[in-house]
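For reference, the structure is listed below as C-alpha cells.
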Amino acid sequence: MPASFDGNDGNDGNSANAGGGGNATSSSGGWFFADRVNLPLVTARDHKPGTTTWNKMIGTLDPIKIKNFPDRNWSADWYAWLALNEFAGAAWTSIDPSSNAATKAEWLSQLSWIPGLPVAPGHPDWSDPAVLPHAAEEIQRLVTAAAEERADALGEILSQSDEFISYFLNMMTARPAAYPQTTRLLAIASLVGTFVAMYFKGRYARPRPSQLCPALLPPIEVPGHASFPSGHSTQAHLMALCMDAVLDTLVQKPVMDDDLWTLADRLARNREIAGLHYRSDTVAGRLFAECIMLLLAPTTTFQAVLIEAKKEWQP
C-alpha cells in the first residue's frame, strides 16, 4: 500500500493571504495593482507648450513629420472615404439628379425600360395599378427561386450579407497584403456604390419583396431601408468595372472580365434568391454602376489608386 502524504495539505491555509487582492477590486481574490500616485504621467504638473519642462517631456519631435501620414498607412476602408469625399464633393454634386434637371432625365432614362418602374422618383406610389402587375410577376419568380435555389445558395447568401470584397480577391487569387492598391480600389467601389444606391433608395422608397409577400421568409435580417436599387448589385458591378480598368493591359483580361461580371451577377442574384430584392432592383444596380464609373473614373484619388493597382498586376 503506497504511502499517503495527505496530511501536508494543511499548508494550503496560506492561500488565505490572497485576500490582499482587495486592493485592486475591493473584494478578495483580485489582482494587486500599484497605486496610481506612483505613475509619473499622472502626477506630473501641467506645463505650457514651448517651455523647457514641456520640451523635456515630449522630446525633440518635429511637428512637420508628425503631420505626415503616408498613403501606405491608410487602411483600404478609410482610404475609400477620401475617394468618396472627392466624388461627393465634385462629380456627384455637379450632376445631383435632385438639382440638375438635364442629368436627372439622363439618369432616369437608364431605367425607363424596366417594366413597372414609376417614372418619377421621390416616394412614388408603388400601389399604382400600372405598377402592381409587374411587382406580382417579380414576386412569383422570387417564390420559385426560394423553393428551387435557396438551399444551394444559402451558404453564399449568409457569407455575402455584410462583405464580399474577399470574393473578388479570392477569385483572382489575390490577397490584401500582396495587392493593397487593388484592395483599396475595391473598397472605393463598395463605398461609392453604397452612397449612390442609398441616395436612390431614399428617392424611390420601394417596399421589400418580403413586405408584400411575407411567405418569402428571407433567411437573413431584412434591411430596414428601401429595396430599389440593389446595393449589392450596384457595388458588385462597380467592383467588376473597376477591375476591368485595372486589368486593361493584360492578355488574360477578356477571360477575367467574364469571370468578374459573372461573379457580380451571382452576388446580386443571391439577394433575389434570399427574397431581399426584385430582379428589377438588380438590373438597376448594374445600370447605376455603369453611370457611376463614368463619374468616378476621372477623379484624382481614384486615378491615383488605379495607377498603383495596375502596377500590382504587371508580370
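Numbers for the structure displayed
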{"quantity": "Members of segment 114-167 found to be exposed (fewer than 13 other Cβ atoms within 10 Å of the Cβ), modelled with pLDDT of 90 or more and of a type in the set (A, V, I, L, M, F, W, C), listed by number", "calculated": "ALA147, ALA151"}
{"quantity": "Yes/no for LEU142 being out of contact with any helix residue (DSSP H, G or I) (no Cβ under 8 Å at 6 or more places or on another chain) and of a type in the set (A, V, I, L, M, F, W, C)", "calculated": "no"}
{"quantity": "Cross-chain or 6+ apart pairs with Cβ under 9 Å, segment 172-186 first and closer than 16 Å to LEU306 by Cα and in contact (Cβ under 8 Å) with a residue 60 or more places away in the chain, then among the small types (Gly, Ala, Ser) and part of a loop (DSSP other than H, G, I, E, B)", "calculated": "THR182/ALA174; THR183/ALA174; THR183/ALA177; ARG184/SER75"}
{"quantity": "Given (1) under 18 Å from ALA189 (Cα atoms); (2) over 17 Å from the mean Cα position of the chain (by Cα); (3) buried (at least 19 other Cβ atoms within 10 Å of the Cβ), index of the condition TRP313 fails", "calculated": "(1)"}
{"quantity": "Pairs where the first residue, in segment 198-211, is aliphatic (A, V, I, L, M) and the second is at pLDDT below 90, C-beta under 8 Å, 6+ apart", "calculated": "ALA205/HIS123; ALA205/PRO124; ALA205/TRP126"}
{"quantity": "From ALA284, ALA274, ALA245, ALA178, residue being surrounded by fewer than 18 Cβ atoms within 10 Å (Cβ to Cβ), farther than 18 Å from ALA297 by Cβ, among the aliphatic types (A, V, I, L, M) and over 15 Å from the mean Cα position of the chain (by Cα)", "calculated": "ALA178"}
{"quantity": "All positions within segment 291-310 that are under 21 Å from the mean Cα position of the chain (by Cα), more than 18 Å from PRO180 (Cα to Cα) and touching a residue at least 60 places away in the same chain (Cβ under 8 Å)", "calculated": "CYS291, ILE292, LEU295, LEU296, THR299"}
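Table: residues versus (1) at pLDDT 95 or above; (2) out of contact with any Leu (no Cβ under 8 Å at 6 or more places or on another chain); (3) assigned to a helix (DSSP H, G or I); (4) of a type outside the set (Val, Ile, Thr).
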| residue | (1), (2), (3), (4) |
| --- | --- |
| ASP257 | no, no, yes, yes |
| ALA264 | yes, yes, yes, yes |
| ARG269 | yes, yes, yes, yes |
| GLU272 | yes, no, yes, yes |
| LEU276 | yes, yes, no, yes |
| LEU287 | no, no, yes, yes |
| MET293 | no, no, yes, yes |
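The values are calculated or read from the model by the stated rules, or taken from the named source; none is laboratory data. What you see is a predicted model, and the numbers here were worked out from it, not measured in a lab. Every residue, glycine among them, receives a Cβ derived from its backbone with ideal geometry; neighbour counts consider all protein chains shown.
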